Amino acid sequence: MSNPTKQKSHIQFALNGEPAEVAFAPHKTLLEVLREDLGLMGTKHGCELGECGTCTVLVNGRAILSCLMLGLDAEGQAVKTIEGMAEGAQLHPLQETFADTGAAQCGYCTPGFLLVAEELLKKDPNPSRDVIKEALSGNLCRCTGYIKIYEAVELAAARMRGEEAELPRESVYGL
Amino acid sequence: MPKNGNNGKPLNVVGKPFRKVDARAKCTGQTKFADDIVLPRMLFCKILRSHLPHALIKNVDVSKALALPGVISIITGKDLPISYGILPVSQDELALCIDKVRFIGDPVAAVAAIDEDVAFDAMNLIEVEYEPLNTISSIEEAILIDDPLIHEYGDAGNVHKKVSLEFGNVEDGFALADLVREDTFFYEGNTHLPMEQHAAVGNFDPDNKLTLWSSTQTPHYVHRALAKVLELPASHIRVIATPNGGGFGGKSDPFNHEVVVCKLSMLTGRPVKVTLTREEVFYCHRGRHPVLMHVKTGVKKDGAITGMHFQTFLDGGAYGSYGVASTFYTGALQTVTYDVPRYKFQGLRAFTNKPPCGPKRGHGTPQPRFGLEVQIDKIAEELKLDPAAMRRANLVKPDTVTANYLRIGSMGLGKCLDKIVEGSGWTDKFSGWDQDNRKLPYGKGIGIACSSYICGAGLPIYWNNMPQSGVQLRLDRQGGVCVMCGSTDIGQGSDSILAYIVAEVLGIDPFDIRVITADTDLTPVDLGSYSSRVTLMTGNAAIQAAERARELLVMAVAEELKVPIENLSLAERRVFDVENPEVGVTFAKAVVLAESKFGTIGTVGSYSPPRSPGRYKGAGVGPSPAYSYSAAIAEVDVDPSTGIVVVERIWIAHDIGKSINPMLVMGQVEGSVYMGLGEVLMEEMVYRANRNVVHKFPSMLEYKSPTTMEMCDVKTYLIEDPDPNGPYGAKEVGQGPLLPVPPAVANAVYDAVGVRIDEVPITPEKVLKALREKAKGRDGRYGPTGIPSVEWPEPLRVLTPAEGGDGKEMPRVAVHS
């Protein structure tokens, strides 16, 4: 049983490129620490059981489910959340294309998808549609049918490779 | 030509793929959902829910829980004794149960504590003494067993509602037919599964007024329910719908957790938050009703329908919710795709001890659409007709009234069919009902289905003569425009639609506009995001408000520039003389001129749907200002050794009337196809053990929904056939394109391997069973074999428009003549 006066644990880590420290009840997950103790509400939750991918963050560049990682295990690690994805006011190309293509409908799963896609494009700047599907298969979206998400990832990848790419006309207006 | 159009002028915003106004916030994690709200001194709420499906509550002891340090307040049913419900006819819910619980998950007590852990521990210290009752676990049991009763109201025993309507004489129709087919179908229940779990924060303000933030699709109805249950003046309650992290109909009822956090805040004087666990979201449910169907249809040799008798049996779960409307909807829209000159509908909704069913995307219509479209396919086979061509030949005509008095306006289904038939290469793929001369290899198949959906319900949920949607505009002298509307953005982009339409009329950029929505203190009433009503209704209200503002601007500018009013145009943030475009003023200057002339500039607009021609009892469900149309072809790969169905591609054409933003329309079509695919292949809200009332898997892992690996390729065609009632001709897209997907897949499975799966979802076991039956020389079919025997009330009879009817039911005496 929890005790409201229980002593908190304390960690230091890198959060979105800046040094951070935080004290929290030691049983808390990284998801809870980010949202409740650091006020970073961009990381969402859909199940808190590792089933939906919504709470994805990057730890040392790798996409992980923050609902399955203890906050204590973030000690000394580099954690990146959706709040750290843009460079200042300049959105990441993935954020631009997700916004421009309607890949974010309700937007609730969007932070998780964006971070998984960021990891993918770091490893593979020119992924095929099948590779994108495989990479995103751990994240559920109930709004889009994933198609606008694939298109947003492909468009961002092309732009990050320096190409002047736009969405195909049929993706915007239909066939 | 739409009444609300641009009078032939070129469109600058409407029809273009603008970003959504909230897209940047959603891609940077800055959108504030309900669970993201944190207030000083906020308490956390946990709700104790029944672990028994049906039981009397003998005693609730909260003393141990109250003694736990950090617990501030605990409430039970006696603290909230007033019942509520979304429909005036089924006010059967209590925020916390008092005398009995009716399903596993029914709320019993609620704790407010200083943090979520303490609230959780306290919840587990509450002692409830139950006396278990027998359960009602199925439609059949509800019909046969009336002891115990789940509710003390309803049409008979545990039957909540019986409906019986007849338009013309169906027996005459069957007598005229060359072929009469009878089939039974079953569509399993499934749930919305929004990614966001429901959350709410109640705050009883220092000024003695209550504010609720909640992930709700219907803040106006929640507002009404809170006023009733909490016995506060509605004027002292403010409901703010936070952006919904997915709704799909699952956040359309007033919920017990919303009432509970308000009450706890009133008692403690502190803000109180509740966030449901994923398991609790499964218990909230209000999802797709499981529906058993019997369909009897008579046709001529060319497939023309002569009469249809449709019977539906709905498993409603433990409460009314939208169920009466759902029941009518299972019979309402059969007549709006193919001409059905004589139509009889009988529907029954049962109470069972399961989470309550309600509206899910397509509300009550995907189930009968599945039965209808699969039966049409079987009819086409018996008549040796091409199922695409047979459908094409028997479509309802535009600008007509159906046998059940639904007024059809624009009707683009023929164009939809032409597009997908051509795009899919249908004629080169379809077996032509000849398995020996297949065009695709055995195991590969193609199937087709059509559908239609309403663009907003003709009537509000509670009877009134007021508009269904209101929009208010405020123009400030810096040139800013603020749009206020009660509509709720659930991800479909309704906030953006308001900005696009106002920007179009006023000649400014959508991103010049501030949109404030879904706040009962600040925004005029809009009934909510349900029944695919928002684009059509708020769109028309927004046009009216913006045109009124435009009128003030041009009057002031005409006076200043000394040009005739009719010469003035608004575009590119300017008001100018069309004959001499350099003569003009900036939009901001126009507002200054108007404000100088008229005072502060604010306008309103509102929308009420046209009156429906139906006057009979039950005519309230089905009428709509317009109907959208969809047609889909599915291509599948069925593995005969495993029964696994892979949907490779779906071609879908949707009659949108006019796209306000085509990219958002595409997103809604693709999302609808996805959700239909999940329903036809895997999603099922099913129960096990304990007479089948324990949820089988209230978790996202085991409630299977399509991932990227199951989602099919989608080829989308948008058909623009502007509707006179739509803003710029626009119709709905959020729900309709789901409807043809399940039957198209079922028909494709038949084409692929020659077995009929007359039941959704089409799982590998069902396909294998049907294949084995077929191999034994028996009927290669899996599905229900019969329907319960029911004493139906004498149908309410209505003469059809073709028979000279006036839309009213015939006097009862005429029935026995």
message = Below 8 Å, C-alpha to C-alpha, sequence gap of six or more: please give me the relative contact order for chain A in percent.
response = 20 percent
request  = Would you kindly state how much longer the chain becomes between residue B:596 and residue B:144 on full extension, computed as 0.36 nm times their sequence separation minus their alpha carbon distance, in nm to one decimal?
outcome  = 155.4 nm
note = Placing each pseudo-label 7 Å from Cα in the direction of the beta carbon, residue B:134 and residue B:302 end up separated by a distance in nanometres of 5.6 nm
inquiry  = Quick check on the protein assembly as shown: take the gyration tensor over C-alpha atoms, sort the square-rooted eigenvalues as a ≥ b ≥ c, and tell me if it's rounded (a/c under 1.5), prolate or oblate.
reply    = rounded
query = What pairs in A:133/B:354; B:100/B:617; A:80/B:20; B:32/B:658; A:28/A:123 have C-alpha atoms more than 29 Å from each other?
reply = A:133/B:354; B:100/B:617; B:32/B:658; A:28/A:123
task = With label points built 7 Å along Cα→Cβ from the Cα atoms of residue B:775 and residue B:617, find their separation and express it in nm.
result = 5.5 nm
note = In this structure, the FRET efficiency calculated for residue B:565 and residue B:208 from their beta-carbon separation, with R0 = 45 Å, to the nearest 0.05, is 0.35
key: Within straight-line cross-link reach of residue B:597, lysines at Cα separation under 23 Å, skipping those fewer than 8 residues along the same chain   = B:562, B:589
Rounded if a/c under 1.5, otherwise prolate or oblate - segment A:79-175, Cα gyration tensor axes = rounded
query = At what distance in nm do the modelled label points of residue B:39 and residue B:707 sit from each other, each positioned 7 Å from its Cα along Cα→Cβ?
reply = 4.0 nm
task = For an R0 of 51 angstrom, estimate the FRET efficiency from the Cβ-Cβ distance between residue B:794 and residue B:521 and round to the nearest 0.05.
result = 0.55
key: For segment B:474-520 and segment B:231-307, distance of Cα centres in Å   = 26 Å
task = Would you list, by chain and number, the aspartates and glutamates whose Cα falls below 18 Å from the Cα of residue B:808, excluding same-chain residues fewer than 8 positions away?
result = B:166, B:794
inquiry  = Around residue A:80, under 13 Å between beta carbons, what's the net of Lys plus Arg minus Asp minus Glu among the other residues?
reply    = -3
key: Global form of chain B, assessed from the alpha-carbon gyration tensor, a/c cut-off 1.5   = oblate
Total formal charge among the other residues, if their Cβ is under 14 angstrom from that of residue B:444, Lys/Arg +1 and Asp/Glu -1 = -2
ask   = Could you state the number of Å between the C-alpha centres of segment B:106-174 and segment B:392-454?
value = 39 Å
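FYI, it's all coordinate maths here, none of it is from the lab. Predicted, not measured: the structure shown is a model, and the values here were computed from it. Because the Cβ atoms are built from the backbone with ideal geometry, glycine has one as well, and the counts that use them run over all protein chains shown.
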